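I have placed the structure first, in the form of structure tokens, so that the comments after it can refer back to it.
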Amino acid sequence: MKPKIRTKDDAGIPRPGSRAARRLRKREFNRKKFDAARNAARNEVFNKAHAELNKDANGKPRPLLDDYSEELATILCDLVAGGMTLTRIAQFPGMPAPYTVYRMLDAHPEFKEQYKEARERQVQQIEEEIKDIADDGRNDTYINDMGQVKTDWDVLGRSKLRIETRRWLLQCLRPHVFGEKRTNINLPGEPPPLDEERIKKLSDKELTSLVRICDKLGLSLVPEESRK
């Protein structure tokens, strides 16, 4: 009886030159081959999708990251300062897609500073647009078939939506100026404002429970002014 040849060592790893090692090497080669083919197919699909997305309304290619120029940056910043979004700018022929603009901002610091100033001027433009929308009452009324003047509530609702949207944008762009003011804000670790009237209405049992909870939290029911 022939002795059994061990193809693996004590750790379970195939010995070099054994049949198990050759099978493992072949399996590893096939896996790498499959991964390479799969990645090539993915890249081909991505390149086709990227080429389609990088076309304007006329089917012409948009500017890419390498097509950056100071003239293009100036045009983009002027349009942004005028209140236009990057999505709307991309609809014009010869304008880059929004994601291309973001890549240009990361690659060119001078363009990033110029774009930041344009966004600051955009705030002033939005303020003027809110005033213009509110003052424009040309389409607020209409004359029906009976010759009566009626209020067009659809137009008023649309104008209200436009104003509210711009107000929300201002709150996002300048929260310290246009954000909602909050009062009675407690800093972390500070007790809430003391309501003496409500405490006086508590029963003895409720007051005992409140004192016990305040002791656990390290708070005091006595106002700071009274302690002085």
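The values are calculated or read from the model by the stated rules, or taken from the named source; none is laboratory data. Please read all numbers here as calculations on a predicted model, not as lab measurements. We place every Cβ from the backbone using ideal geometry, glycine too, and count neighbours over all the protein chains shown.
Taking the residues in segment 130-160 that are surrounded by 11 or more Cβ atoms within 10 Å (Cβ to Cβ) and of a type in the set (A, V, I, L, M, F, W, C) as candidates, determine which candidate is nearest to F178 (Cα to Cα). Taking the candidates together, the pick is I130. When you scan segment 3-10, do you find a residue that is modelled with pLDDT under 60, assigned to a loop (DSSP other than H, G, I, E, B) and at positive phi, even just one? Checked segment 3-10: no residue is modelled with pLDDT under 60, assigned to a loop (DSSP other than H, G, I, E, B) and at positive phi. Residues that are in contact (Cβ under 8 Å) with a residue 12 or more places away in the chain, of a type in the set (D, E) and closer than 16 Å to V155 by Cβ within segment 123-144 comprise D136, D140, listed in sequence order. For segment 46-104, the candidate set comprises residues that are among the basic types (K, R) and at pLDDT 80 or above; within that set, the residue that is farthest from T165 (Cα to Cα) is R103. On inspection, D136 passes the criterion of being touching a helix residue (DSSP H, G or I) at 6+ places or on another chain (Cβ under 8 Å) and either at pLDDT below 85 or among the acidic types (D, E) (or both). All of I75, I126 fail the test of being β-branched (V, I, T) and touching a helix residue (DSSP H, G or I) at 6+ places or on another chain (Cβ under 7 Å), apart from I126. Here L72 meets each of (1) in contact with a Lys or Arg (Cβ under 6 Å, 6 or more places away or on another chain); (2) assigned to a helix (DSSP H, G or I) with one exception, condition (1).
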